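Novice: One structure coming up, written as structure tokens, with questions to follow.
The values are calculated or read from the model by the stated rules, or taken from the named source; none is laboratory data. Note that the structure is a prediction, hence the values are computed from the model and not measured. All Cβ positions, glycine included, derive from the backbone under ideal geometry; neighbour counts span all protein chains shown. Heads up: the accessible areas ignore ligands, DNA and RNA and are worked out on the full protein's heavy atoms, side chains in. Shrake-Rupley method; radii C 1.70, N 1.55, O 1.52, S 1.80 Å.
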Number of protein chains: 2
Amino acid sequence: MGERLQRPKIDDVARRAGVSTATVSRTLANPEQVKPKTRDAVMQAVRETGYVLNVAARNLRTSRTHAVLAVVPDVSNIFFSQVLQGIAATLRPAGYSLIIADTGNDPERERDHADFVRAGRVDGLLLLNGRLLSAATGELAGAPTVSLCERIPGSGLPHVETANREAARAMTERLIEQGHRRIAYVAGPAANVLEHDRFAGYREALEAHGLPLDASLVRPGDFSIRAGEDAAHALLALPARPDAIFACNDAMAMGAIRALTAAGLSAPRDVSVAGFDDIEFAAAYNPSLTTVRQARTEIGARAAAMLVDLIEGRQPASREIRLPAEIVMRDSTRAR
Amino acid sequence: MGERLQRPKIDDVARRAGVSTATVSRTLANPEQVKPKTRDAVMQAVRETGYVLNVAARNLRTSRTHAVLAVVPDVSNIFFSQVLQGIAATLRPAGYSLIIADTGNDPERERDHADFVRAGRVDGLLLLNGRLLSAATGELAGAPTVSLCERIPGSGLPHVETANREAARAMTERLIEQGHRRIAYVAGPAANVLEHDRFAGYREALEAHGLPLDASLVRPGDFSIRAGEDAAHALLALPARPDAIFACNDAMAMGAIRALTAAGLSAPRDVSVAGFDDIEFAAAYNPSLTTVRQARTEIGARAAAMLVDLIEGRQPASREIRLPAEIVMRDSTRAR
DNA sequence: TGCAAAAATGTAATCGATTACAAATCGAAA
DNA sequence: TTTCGATTTGTAATCGATTACATTTTTGCA
């Protein structure tokens, strides 16, 4: 079917325009070095022949790919996918394409990606979850890399993140101001730096207001809806139940509200519930969710911009960006 | 910092193993052609030197990239992101990497991607939204391409899709069986093939059961939560309000439920509401959402597998796959 | 007009693999 | 031990661009 016709190469264009291949190459890459008249002739020939540069050849010669690899624990996760959008949107106008590796949360696979750089497949790395990077850090030596969402302790890697601690503290304080005294916390995975920061914020707020940190009010979780449900069930079984639940992401907050409903209670009437992230469905939830808004696309955009700077040898304005988050009070919490 | 040490190349390995570069190349690509003893020596040398093949060089020589481009209208959309996950999961073990182009729903950009193939940047294309492809179809001649989610009418392009019409019909029939008689439909964008099919299913079901198709019960929408709210508002303002609302995706169904709540009504007590997609948050919604479950990761996986077959010159088992969908009855609908 | 410097263009080496073809080695049968 | 065919390995051309360096053209100014 597809009569596989020969793609025109740079020689074809050169011949047609009556110039050398060097001139064609220059016209395409550095037009200002070429006399306008010649330039026009070349562009004309390009159009006539339908020439498209062979990327592999250029990559080989220049050892640059104009591609960036994003290592993502889970593309389908609503959080990461929005960060990716910010990345994609920034990379495109800068002339980079985006390669995505979904590691499926598998530590093994997260390691592989140093090879992407070494094989000359990409110019830089964007790590959406640094958890395991510490192991790979040595191997990355030299490869431009930016870490997102999670700071990698002690790695010195440039990164972009939300001010998680401050945000969690602010949210907890809002709950305290609303008159809540027994505020439960539903945690993320223990190894998660992000969880660590949020918990620290929660604790700080309690301390600052002279409230005790009651260990029975802190429940483990893993960011899933189900985990939120389980945690809420456990909390409701306590002799003295909490008057508020702060889940460290929105999915768990929704789970908690479901559990309340299932138990014949209601948020915010009986227990206030707050989340973290402000995912798309938080505002549409029933009740709409009080939460912390993170600028997810901006995180992606800033990280991508920083990476491009690194790749192109420019000194990025900053190697560490912390974006402020915003408290969004909605219907799932209420003053006591 | 990064002492940019020379990456070993195939000659280094060859020298170290005492063989020619041809043998090294063969050992890596077609080990069975090489005598076991030689093979071991080469592998040893590879390990010692830390050799990693230069992908650009191989691409140039073989004019194959082992990369695939997915053209996505919006990565951050929960629907697409899950399809992407299926794609990524299938591509990886097959040895392909995934490049993502987020077109931001911009017709202009969807066009650009034929160039990706022509520039030799990828071996094939996965189109998650064929809407505009018709325009580009000519240019793709020869490039392996699979369309997902939406069949591209008259393109003859291989594709994978959900049996939207059948599923929408089945859902509508379930609502009828539950005793609903005034079933409203909240549509997707008019140009959308997917919307077209779902609406056809809705209409078929009404006809089959002798129910009239009441134009005032069909409201426009664009798949957003907000559109669902607006549609429901309009429907509630009708002299005779519907007893069920079938929104052609979950986000709009959630919007409709919000609107009901805002109007002091409730789903399913006053109006039943059904969605389509069964996104992650459908089960966690309040009330949990009756919807149509599409196997999103499977759509992605099947399409990716088909594309790999096409790229590698194998005849795919089928050029048109329609995956059945499953009706999931939950709490947002109730028998009248 | 003549001449030096600047600008524009051309020649050809180069990036690092793959692979057609040739050469060498091996093994089995006679 | 030959000998022929099958296996294994090596040599070197090749993929299509970029770019250092050489050469030509243009420009500005005396």
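Novice: What's the total number of residues in segment A:71-87 that are touching a residue at least 12 places away in the same chain (Cβ under 8 Å) and either basic (K, R) or not in a loop (DSSP other than H, G, I, E, B) (or both)?
Specialist: Looking only at that region, the number is 11.
Novice: Here's something else I'd like to know. Within the bounds of segment A:64-82, is there any residue that is over 21 Å from A:A17 (Cα atoms), within 16 Å of DNA strand D (Cβ to nearest atom) and either of a type in the set (A, V, I, L, M) or touching a His at 6+ places or on another chain (Cβ under 7 Å) (or both)? Steps first, please.
Specialist: The initial filter retains those residues of segment A:64-82 that are over 21 Å from A:A17 (Cα atoms), namely A:64-82.
Adding the requirement that they be within 16 Å of DNA strand D (Cβ to nearest atom) leaves A:64-67.
Now drop any that are not either of a type in the set (A, V, I, L, M) or touching a His at 6+ places or on another chain (Cβ under 7 Å) (or both), which leaves A:67.
Within segment A:64-82 (the criterion being over 21 Å from A:A17 (Cα atoms), within 16 Å of DNA strand D (Cβ to nearest atom) and either of a type in the set (A, V, I, L, M) or touching a His at 6+ places or on another chain (Cβ under 7 Å) (or both)), the answer is yes, since at least one residue qualifies.
Novice: Would you confirm, using the coordinates I've provided, whether B:A295 is open to solvent by 20 Å² or more (accessible area, probe 1.4 Å) and either of a type in the set (F, W, Y) or touching a residue at least 12 places away in the same chain (Cβ under 8 Å) (or both)? Reasoning before the result, please.
Specialist: Numbers: open to solvent by 20 Å² or more (accessible area, probe 1.4 Å): yes; either of a type in the set (F, W, Y) or touching a residue at least 12 places away in the same chain (Cβ under 8 Å) (or both): yes.
Yes, satisfied.
Novice: Also: Among B:T90, B:T38, which is the only one that is more than 16 Å from DNA strand D (Cβ to nearest atom) and more than 10 Å from chain A (Cβ to nearest Cβ)?
Specialist: Of the residues listed, the single one that is more than 16 Å from DNA strand D (Cβ to nearest atom) and more than 10 Å from chain A (Cβ to nearest Cβ) is B:T90.
Novice: Being within 14 Å of chain A (Cβ to nearest Cβ) and over 20 Å from B:L175 (Cβ atoms) is the filter; apply it to segment B:228-257 and report the residue that is most open to solvent (accessible area, probe 1.4 Å).
Specialist: Filtering segment B:228-257 for residues that are within 14 Å of chain A (Cβ to nearest Cβ) and over 20 Å from B:L175 (Cβ atoms), the one most open to solvent (accessible area, probe 1.4 Å) comes out as B:D230.
Novice: Kindly indicate which of B:A67, B:A114 is under 39 Å from the mean Cα position of the chain (by Cα), within 16 Å of DNA strand C (Cβ to nearest atom), hydrophobic (A, V, I, L, M, F, W, C) and closer than 30 Å to A:Y51 by Cβ.
Specialist: Working: B:A114 fails: within 16 Å of DNA strand C (Cβ to nearest atom).
Being under 39 Å from the mean Cα position of the chain (by Cα), within 16 Å of DNA strand C (Cβ to nearest atom), hydrophobic (A, V, I, L, M, F, W, C) and closer than 30 Å to A:Y51 by Cβ holds for just one of B:A67, B:A114, which is B:A67.
Novice: Just to be sure before I move on: is B:T27 open to solvent by 10 Å² or more (accessible area, probe 1.4 Å) and either outside the structural domain of B:I279 (by TED's automatic domain parsing) or near DNA strand C (Cβ under 10 Å from one of its atoms) (or both) in the structure I sent?
Specialist: no
Novice: In addition: Name every residue in segment A:30-40 that is within 8 Å of DNA strand C (Cβ to nearest atom) and open to solvent by less than 60 Å² (accessible area, probe 1.4 Å), in order of residue number.
Specialist: A:V34, A:T38
Novice: If you don't mind, there's one more thing I want to ask. If we keep just the residues of segment A:269-292 that are closer than 20 Å to B:S266 by Cβ, surrounded by fewer than 24 Cβ atoms within 10 Å (Cβ to Cβ) and not basic (K, R), which is farthest from the other protein chains (Cβ to nearest Cβ)?
Specialist: Taking the candidates together, the pick is A:D270.
Novice: Tell me which residues, restricted to segment B:187-201, are touching a Phe, Trp or Tyr at 6+ places or on another chain (Cβ under 8 Å) and open to solvent by less than 30 Å² (accessible area, probe 1.4 Å).
Specialist: Result: B:A187, B:G188, B:R198.
Novice: Across segment A:289-336, what is the total count of residues that are within 15 Å of A:L84 (Cα to Cα) and hydroxyl-bearing (S, T, Y)?
Specialist: Counting residues in segment A:289-336 that are within 15 Å of A:L84 (Cα to Cα) and hydroxyl-bearing (S, T, Y) gives 1.
Novice: Counting only residues that are small (G, A, S), in contact (Cβ under 8 Å) with a residue 12 or more places away in the chain and facing chain A (nearest Cβ under 8 Å), which one in segment B:47-70 is most open to solvent (accessible area, probe 1.4 Å)?
Specialist: B:S63
Novice: So which of A:E312, A:E280 is closer than 20 Å to A:I78 by Cα and of a type in the set (D, E, K, R)?
Specialist: A:E280
Novice: How many residues are at pLDDT 95 or above, outside any helix (DSSP H, G or I) and open to solvent by 10 Å² or more (accessible area, probe 1.4 Å) when one looks only at segment B:152-186?
Specialist: So the count comes out to 4.
Novice: When you look at B:F199, is it of a type in the set (F, W, Y) and in a helix (DSSP H, G or I), yes or no?
Specialist: The answer is yes for B:F199.
Novice: What are the residue pairs meeting all of these: first residue in segment B:1-29, first residue closer than 25 Å to A:A114 by Cα, second residue modelled with pLDDT under 95 and open to solvent by 100 Å² or more (accessible area, probe 1.4 Å), Cβ atoms under 6 Å, and 6 or more apart or on different chains?
Specialist: Every condition considered, the pairs that remain are B:R26/B:Q33.
Novice: Another question, if that's okay. Can you give me the number of residues within segment A:202-215 that are open to solvent by 50 Å² or more (accessible area, probe 1.4 Å) and not in a loop (DSSP other than H, G, I, E, B)?
Specialist: So the answer is 5.
Novice: OK, next. Residues of segment B:280-315 being part of a loop (DSSP other than H, G, I, E, B) and either touching a helix residue (DSSP H, G or I) at 6+ places or on another chain (Cβ under 7 Å) or not small (G, A, S) (or both), which ones?
Specialist: Going through segment B:280-315, the residues part of a loop (DSSP other than H, G, I, E, B) turn out to be B:280-289, B:294-295, B:312-315.
Answer for segment B:280-315, where residues must be part of a loop (DSSP other than H, G, I, E, B) and either touching a helix residue (DSSP H, G or I) at 6+ places or on another chain (Cβ under 7 Å) or not small (G, A, S) (or both): B:E280, B:F281, B:A282, B:A284, B:Y285, B:N286, B:P287, B:L289, B:Q294, B:E312, B:R314, B:Q315.
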